[in-house]
1. Give all pairs with beta carbons closer than 6 Å in which a residue from segment 89-116 that is assigned by TED's automatic domain parsing to the domain that holds His21 meets a residue that is assigned to a helix (DSSP H, G or I); count only pairs at least 6 apart in sequence or on separate chains.
2. So which residues in segment 19-58 are closer than 19 Å to Leu103 by Cα and not aliphatic (A, V, I, L, M)?
3. Which one of these is of a type in the set (A, V, I, L, M, F, W, C) and free of Cβ contacts under 8 Å to residues at least 60 places away in the same chain: Ala36, Ala42?
4. Check Arg51, Arg96, Arg77 and return the single one that is basic (Lys, Arg), part of a helix (DSSP H, G or I), within 17 Å of the chain's Cα centre (by Cα) and buried (at least 18 other Cβ atoms within 10 Å of the Cβ).
5. Looking at Ser128, Ser84 in this structure, which one is within 26 Å of Thr24 (Cβ to Cβ), at pLDDT below 95, outside the structural domain of Val197 (by TED's automatic domain parsing) and within 21 Å of the chain's Cα centre (by Cα)?
6. State the number of residues belonging to segment 150-180 that are in a loop (DSSP other than H, G, I, E, B), among the charged types (D, E, K, R) and buried (at least 17 other Cβ atoms within 10 Å of the Cβ).
7. Say whether the condition of being farther than 30 Å from Val66 by Cβ and either surrounded by 14 or more Cβ atoms within 10 Å (Cβ to Cβ) or within 20 Å of the chain's Cα centre (by Cα) (or both) is met by at least one residue in segment 196-204.
8. If we keep just the residues of segment 113-125 that are surrounded by 19 or more Cβ atoms within 10 Å (Cβ to Cβ) and of a type outside the set (Phe, Trp, Tyr), which is farthest from the chain's Cα centre (by Cα)?
Amino acid sequence: MSYSFLLGHGTENDFVLLPDHDGTVHGALSPSRVAALCDRRAGIGGDGVMRVIRARAARELGLLEVVGEAEWFMDYRNSDGSVSEMCGNGVRVFGRHLADAGLVDPTAPVPVATRGGTKVLTFEDDGSITVDMGTPIVLGDSVVTVGHLGWSARHIDMGNPHAVAFVDSLDDAGTLLEPPGHDPVVYPHGVNVEFVVDRGERHVALRVHERGSGRPVPAAPVPAR
């Protein structure tokens, strides 16, 4: 199958964008197909895939339950092929494409439908794009682990699940190439984990494991000669 695609970059996240405005081009994006597209050796390469599709077409395909004020739906998949609610950097790249393609009016706020709710984009005068992610919802505490180390973590919903753990050293997070241990009951679909060090008043440093994107795609086997 051939694809028309775009590459987008936002704050060191890169994405494969598949324009499919009426839902007639790409059909079902299987996990294996998404992983192949995101493979940095054998595919296009990216942290995830975003299908650019109208909300009504997404509703007809069963990708979106309710069509609200947004004309466009960000059908986002992680690089391992898993379905994700949304991505903050990704939705800004999504908005840049919509504006550059003349599909929205960037002089007004632009709502974008996601699996994590509608996010509103604002195109700033300096050319940057900001997104209203909504109010964080604190859902209680959980535990995350790396090897023999473990920490209490705050469970926060930003449209997708996050576990925020304050640690003594960012080195404690390890390589972050494997998902940190977490409670599968609290996070049945995995979780984004932020390891945070307090650097002083209004200053923190952190390292992040992004669910579905943190583990590198293994190299394809090389045939014997």
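The values are calculated or read from the model by the stated rules, or taken from the named source; none is laboratory data. Because the structure is a prediction, the values reported are computed rather than measured. For neighbour counting, all protein chains shown are included, and Cβ atoms are generated from backbone atoms with ideal geometry for every residue, glycine included.
1. So the pair list comes out as Val104/Leu98; Pro106/Ala99; Val110/Gly95; Val112/Val91; Ala113/Ala55.
2. Within segment 19-58, Pro19, Asp20, His21, Asp22, Gly23, Thr24, Arg51, Arg54, Arg56 meet the criteria.
3. Only one candidate qualifies: Ala36.
4. The unique qualifying residue is Arg96.
5. Ser84 is the lone residue from the list that is within 26 Å of Thr24 (Cβ to Cβ), at pLDDT below 95, outside the structural domain of Val197 (by TED's automatic domain parsing) and within 21 Å of the chain's Cα centre (by Cα).
6. The qualifying residues number 0.
7. Looking through segment 196-204, at least one residue is farther than 30 Å from Val66 by Cβ and either surrounded by 14 or more Cβ atoms within 10 Å (Cβ to Cβ) or within 20 Å of the chain's Cα centre (by Cα) (or both).
8. Checking each candidate, the answer is Leu121.
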